[in-house]
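Student: Before I ask anything, let me first share the structure, which is written out below as structure tokens.
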Amino acid sequence: MATPYLLIARASTLVEVHTHEQVVRLSGTLGTATEKSPVVALAYQTGASHGAAHDLQVAHWALGGALRREKFAPRADAAIVGAVRAALHHNPRVRCAEALVQARQGVVTLAGTVSSLRARQEAERDARLVVGVHDVHNLLKIRFKRPVADTDIRQAILAALVRDPYLGPFYFTVRVRHGQATLHGQVGSAFARERAGEVAAETSGVLAVANLVQQPEATRTDEFPASRPGAAEPRPAGPAPHEPPAAARVKLLADAYR
């Protein structure tokens, strides 16, 4: 028998979760589409083997202050700046960044430099999670210690994907042009798809990531109704039969694009 309970997440208290034998079904309303992916990923991170989010709707009214009283409580700009700075300081990826934080009527502006795309993304995420923040303008620039060639970026991403314990069993193709990385492949869950994008974003030299990694058809439609049109036919999830060792797979993928 399914057990309903409220999911405590950054989105709102309007999300209800039903679980049964590691299958999670999400229902309710979120204020923005941006909030949907982290909620689905959270279900997998907590141990779900399958998740369905087709009953999870997006409606502007869910952004109402009365529904998010704690998140959007009135707060002095100085207090918001202090809280955002503290949040960035406690994030090891952002701690050493030269970040300038300003706030005006609950709208935070981040400026300065960071060492990677992942650090830039996490700085914005940390700022958005601070109580009193309504919006974030992310003006952070990515500054690398040295220029990195596209071919080197591509090899580094492929190697990182192979090393990752969640992504090692899957095949990916990577293209990089002027620091813009595009990922293709087939994985078994929403969590693995998000993880692939994070791994690429953490690679030195990457300025942007287009994550075109696919999920199995049975779960992708439920979890992300707005799936990319014209996507390639997905392959069965999981490792290919007679899969070569990790190092050999990297070499095979590298040779394919020479």
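Student: So for the stretch 126-144 (the condition being part of a helix (DSSP H, G or I) and surrounded by 20 or more Cβ atoms within 10 Å (Cβ to Cβ)), does at least one residue qualify?
Tutor: Keep residues of the stretch 126-144 that are part of a helix (DSSP H, G or I), which gives 126-128.
Filter once more, keeping what is surrounded by 20 or more Cβ atoms within 10 Å (Cβ to Cβ): 126-127.
There is at least one residue in the stretch 126-144 that is part of a helix (DSSP H, G or I) and surrounded by 20 or more Cβ atoms within 10 Å (Cβ to Cβ).
Student: Has the stretch 91-109 got at least one residue that is of a type outside the set (S, T, N, Q), modelled with pLDDT of 90 or more and assigned to a helix (DSSP H, G or I)?
Tutor: Looking for residues that are of a type outside the set (S, T, N, Q), modelled with pLDDT of 90 or more and assigned to a helix (DSSP H, G or I), one finds none in the stretch 91-109, hence no.
Student: Among the residues of the stretch 160-196, how many are assigned to a helix (DSSP H, G or I), aliphatic (A, V, I, L, M) and out of contact with any Ser or Thr (no Cβ under 9 Å at 6 or more places or on another chain)?
Tutor: Residues that pass the stated criteria total 4.
Student: If you take the residues of the stretch 111-125 that are crowded, with 16+ Cβ neighbours inside 10 Å and hydrophobic (A, V, I, L, M, F, W, C), which of them is nearest to residue 153 (Cα to Cα)?
Tutor: Only one residue fits best here, namely 117.
The values are calculated or read from the model by the stated rules, or taken from the named source; none is laboratory data. Computed from a predicted structure; not experimentally measured. Methodologically, a virtual Cβ is constructed for each residue, glycine included, from the backbone with ideal geometry; neighbour enumeration extends over all protein chains shown.
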